[in-house]
Structures are given as C-alpha cells and as structure tokens.
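Colleague: Here you go, one structure.
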Amino acid sequence: MLFPTPALTPSDKSVLAEVDRMRSELRHQLLATPAKWSGGLRKFLQADAVAASNSIEGFKVSTVDVEDLMAGESDVDVSDENRDETLAYQRMMTYIQTLHDVDDFEYSKGQLNALHWMLQGHRNSPRKPAGQWRHGPVYVTDARDPSIAAYTAPNAEIVPELMGELVDWLNADDQSHSLIRAAMAHLHLVSIHPWADGNGRMSRSLQTLIIAREGVLAPEFSSIEAWLGRPGNTWEYYRELALRGSAYRPDQDVASWIRFNLTAYHQQAQSVHARLDRSSRAWEALAEFARQRKLDDRMVTALHDVAMAGRVRRTRYEQSEGLSMQQAQRDLRDLATAGVLESVGRTRARYYVAGSRFPEAALEIARTPMALTEPYANGA
C-alpha cells in the first residue's frame, strides 16, 4: 500500500499556478539568453544540487568545489570520500537528466537498482549491497541520539512487493500534476527505504527524474535539492518526514508534505530567477569593462566565473571557451599581471580570484542577496 495523493486545497492550487507561471517565464527567458549564460547557470545549478543533496547526508563539499570536480579538476581540496560521493552522485544525476526525452521510457525495479548502483557501487559491501534491495532491517536514527530509531522501515520481506507497487504507480497516469507526482514519489521511496544505504539521495533523484520527464524545463532549473540543502530547510525536511511517524503507515493524510514541496518549488523558482538576473547583469557589466580595457571578449567568461563563483580555474575556463591549455593559461596570467585577477596556489592547484582592479560594480551585482517570499503567506 502507498500513501494516497491528497486533494489540493485552494491555497495549494494557487501556489502551484504561481510555480507554473514562474517556470514558464523562466523557460522563455532561457530561450532568449545567450548560451554562455544559460550554460554556465545550468552547470552551477547542477553542482549546487549535488553539493546540497550530499550535504544532507553529511558529505560536505562546496558548490564551487563540485563545479571544479565536474570539470575534471584533480587538485581540489576535498577528502577522497567526499570526492567519490560527489562524482558518483553527479554521474547518476547526469544520466537521469539524459532520460528526459527517451521515447520508450518506462520505470522498472531493475532501472531503480541500476541507478542505485551508480550512486553506491563504489561503497558496495556484503552488509550494504549496492544495486539490490536490502536483506535486513534499516533504521533512521534520531539526530540528537543515535541510539533511538526515529523511523523503522518496512520489513525487508515486503520490500519487493512495495517496490513493485511503486513502479506500477510510476508508470500509471493518475492525472495529477507532475510536480505533485514527483513529490509523492519522493515520499513513497524514502518511506519504503528499499536499500541499505543511499535512500535519501535516491528519493530526491527520483523526484528530479519525474520533473525531467515532464519536459517543461531542464531538470537543473526545477530540482529542489539545492533548496532542501539549506540548513533551515534541511531541518524542516526532516521534521516533515518525522510527521509521518516512526513506522511505515501509508494510510494517513500527507497534505502537509505536499504543502512543504510546493513551498520548495516556489522558492527554488524564485532563487533561479534571481540567479539568472544577477548572472546576466554581471555579464553585461563585465562585457563593458572588457570593452573599455580592450580585453578579448572570451575573457569575460573567466571574469564572470570569478564574480559569480568567487574563483576560476584554468580547466573550467579552457572548457567553457574551447581554448588550448596554453591559451587559457596565457589569458589568466595576463589578467593577473594587469591586477584584474589574483593568482592563488601553485601549478595544477592554482586558481584565480578577484584582484585589486576587478570591477567592483560586477562584484556588487553578484553578491547582492535576494529576499525569498513565503508562497502561503496570504493563504491558509
């Protein structure tokens, strides 16, 4: 038995309509945005989602470090464990994003286990097998006292049956909005807890996969993983899951879960809109700076990385502009010599930050914080 999808309240419907409106506007904005801007934003959002989802599970890697790891940088100052977790999750999420337009796509138990292997295969062990259902009990311990089981998942013996029911539900069309179905899929999977480890990230990934299959926006622009990874929101996430009780009890009203997810969708859409706006305005300011200084247009890409992410590495700049290693090195060295950038570190670990002559106007645009609105503030 799975949780029944609750009926939406008038307030829920209003918030969902606002989310749809913002996503539609964002889609049109992206179509009119130069590929360099939107491509850079997409990479940032993917890295932000990976960093946030891993942070929920205790693996701490900054978004900019994830971006560097995704670009193939080897000299990033993170532990081997955090590197492995980041790259495994990034590979799985990249694959999920390629499934958005597969014509004969169908959910299956094998597919979900294969995704789990991509996520956890590097940690495979007899006690915690990757890519197959767990063989014994699994518990979610209380954050304040690990000797207390905050949640006990269903018996391992009934996991195959429950997962079969979930797969049937995923392949059926109940006419509910895709964002609602994605939220419910997340709840179903995390409550069943079918694997010995990695259930939280798999549940959030399944939510992203359903959004990707919807096809309205690239999943990087709709995933709520970055929102969930913010400390206050992570606490609310765990609190919301805790409301479901200490054992699997699907015969209950989960309307508050839907409201929680609609808030996440709404505020993530706000964040992406603001990021796109800051990114484009910073680019324009840097392009004008480059014209005044008679810098090559391609250098704006490096300067934009510094403004938006705090630093740039040669590899990322080289890939973004399709340059040779020597050309990328020469450009960054010239910018450092001019005082626009400042070099930090040596050889392969070197990166560049804003120098004394970096345009302050662009930094101010990039660093100006935004205020998020509460979507349910005016409704019950």
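Colleague: Using a Förster radius of 35 Å, what is the FRET efficiency between Glu157 and Glu57 based on their Cβ-Cβ separation? Nearest 0.05, please.
Modeller: It comes out at approximately 0.85.
Colleague: Principal axes first, then extents: for the Cα atoms of the chain, list largest minus smallest coordinate on each axis, whole Å, largest first.
Modeller: Its Cα atoms span 67, 49, 45 Å along the three principal axes.
Colleague: Shifting gears a bit: Using r as the Cβ-Cβ distance of Gln292 and Ser178, and R0 as 41 Å, what FRET efficiency do you calculate, to the nearest 0.05?
Modeller: Details: r = 47 Å, r/R0 = 1.14.
Working from the Cβ atoms, E equals 0.30.
Colleague: What is the order of Leu189, Leu372, Leu41, Leu323, fewest Cβ neighbours within 10 Å to most? Present the calculation step by step, with values, prior to reporting the outcome.
Modeller: On the way: Leu189 24, Leu372 14, Leu41 21, Leu323 17.
Ranking Leu189, Leu372, Leu41, Leu323 by Cβ neighbours within 10 Å, fewest first, gives Leu372, Leu323, Leu41, Leu189.
Colleague: Using θ = phi - 60° and the Karplus relation 6.51 cos²θ - 1.76 cosθ + 1.60, list the HN-Hα couplings for the range 145-157 in order, rounded to whole Hz, with x at every Gly or Pro.
Modeller: Along the range 145-157, the couplings run 8, x, 7, 10, 8, 6, 8, 10, 6, x, 3, 4, 4 Hz.
Colleague: Give me the distance in nm between label points sitting 7 Å out from Cα along the Cα-to-Cβ direction at Asp277 and Gln319, one decimal.
Modeller: About 3.0 nm, to one decimal.
Colleague: How much length, in nm to one decimal, is gained on full extension between Arg367 and Asn171, taken as 0.36 nm per residue of separation minus their Cα-Cα distance? Each step should come with its number before you reach the end.
Modeller: Values: separation 196, 0.36 × 196 = 70.56 nm, distance 4.35 nm.
Length gained between Arg367 and Asn171: 66.2 nm.
Colleague: Same structure again: Mind jotting down the three principal axis lengths of the range 270-339 based on Cα atoms? Whole angstrom, largest first.
Modeller: On the principal axes, the range 270-339 reaches 40, 26, 19 Å in Cα extent.
Colleague: With θ taken as phi - 60° and the coefficients 6.51, -1.76 and 1.60, list the Karplus ³J(HN,Hα) couplings across the range 367-372 in order, rounded to whole Hz; mark glycine and proline as x.
Modeller: 9, 5, x, 10, 9, 8
Colleague: A further question on this structure: What does the charge dipole of the range 295-367 about its Cα centre add up to, to the nearest 20 debye, if the Cβ of each Lys and Arg holds +1 and the Cβ of each Asp and Glu holds -1? Please list the in-between numbers first.
Modeller: Values: 12 positive and 10 negative charges, 91 e Å.
Roughly 440 debye, rounded to the nearest 20.
Colleague: Now, a different point. How many angstrom lie between the Cα centre of the range 264-308 and the Cα centre of the range 38-113?
Modeller: 23
Colleague: Now for a separate question. Mind checking the full-extension length gain between Asp20 and Arg330? Use 0.36 nm per residue of separation minus the Cα-Cα distance, one decimal, nm. Before the final figure, lay out each step's value.
Modeller: Working: separation 310, 0.36 × 310 = 111.60 nm, distance 4.53 nm.
That works out to 107.1 nm of additional length.
Colleague: What are the residues whose amide H is under 5 Å from the amide H of Tyr151, where those residues sit 5 or more places off or on another chain and H is modelled from the backbone?
Modeller: Placed amide hydrogens put Val140 under 5 Å from Tyr151.
Colleague: Ranking Tyr352, Tyr237 by Cβ neighbours within 10 Å, fewest first, what do you get? List each step's numbers first, then the result.
Modeller: Values: Tyr352 24, Tyr237 21.
Fewest-to-most ranking of Tyr352, Tyr237: Tyr237, Tyr352.
Colleague: Specify which residue in the list Trp37, Val78, Gln327 is farthest towards the positive end of the charge dipole of the chain, using unit charges on the beta carbon of Lys, Arg (+1) and Asp, Glu (-1), about the Cα centre.
Modeller: Value computed over the given set: Gln327.
Colleague: Cα centroids of the range 132-209 and the range 331-380: how far apart, whole angstrom?
Modeller: Cα centroid of the range 132-209 versus Cα centroid of the range 331-380: 39 Å apart.
Colleague: How big is the convex hull of the Cα atoms of the range 58-270, per residue, in Å³?
Modeller: Residue-normalised Cα hull volume stands at 138 Å³.
Colleague: Here is a follow-up. Which part of the range 246-283 falls in the paramagnetic zone of Arg239, meaning amide N under 16 Å from the point 7 Å along Cα-to-beta-carbon?
Modeller: Answer for the range 246-283: 256-264.
Colleague: Something else now. What is the magnitude of the charge dipole of the chain about its Cα centre, with +1 placed on the Cβ of each Lys and Arg, -1 on the Cβ of each Asp and Glu, and no other charges, expressed in debye to the nearest 20?
Modeller: Dipole about the Cα centre, nearest 20: 1040 debye.
Colleague: Tell me, what is the percent relative contact order of the chain, built from C-alpha pairs under 8 Å that lie six or more residues apart?
Modeller: It comes to 20 percent, rounded to a whole number.
Colleague: At a 10 Å Cβ-Cβ cut-off, how would you order Leu2, Leu341, fewest neighbours first?
Modeller: Leu2, Leu341
Colleague: Considering amide H positions built from the backbone, and no H for Pro or chain starts, which residues 5 or more places from Ser62, or on another chain, come under 5 Å of its amide H?
Modeller: Here nothing satisfies the definition.
Colleague: For the chain, modelled as a Gaussian network with Cα springs under 10 Å, which listed residue fluctuates most, Gln252, Gln120, Gln267?
Modeller: Maximum fluctuation in the GNM of the chain, among the listed residues, is at Gln252.
Colleague: Determine by what factor the alpha-carbon radius of gyration of the range 91-132 differs from 2.2 N^0.38 Å, reporting the quotient.
Modeller: 1.29
Colleague: I've got another one for you. Tell me, in nm to one decimal, what length is gained between Gln252 and Lys13 on full extension, where the rule is 0.36 nm per residue of separation less the Cα-Cα distance?
Modeller: Full-extension gain reported as 83.9 nm.
Colleague: Kirkwood hydrodynamic radius for the range 157-297: how many Å is it when counted over pairs of different Cα atoms? Please list the in-between numbers first.
Modeller: Values: mean 1/r = 0.0578 Å⁻¹.
Kirkwood hydrodynamic radius for the range 157-297: 17.3 Å.
Colleague: How charged is the neighbourhood of Asp68? Take every other residue with its Cβ under 13 Å from the Cβ of Asp68, and add Lys/Arg as +1 and Asp/Glu as -1.
Modeller: Within the 13 Å Cβ shell, the charges total +1.
None of the figures in this text is laboratory data; all of them are computed from the coordinates on show. What you see is a predicted model, and the numbers here were worked out from it, not measured in a lab. Quick reminder, even Gly has a Cβ in these numbers, built from the backbone with ideal geometry, and neighbours come from all protein chains shown.
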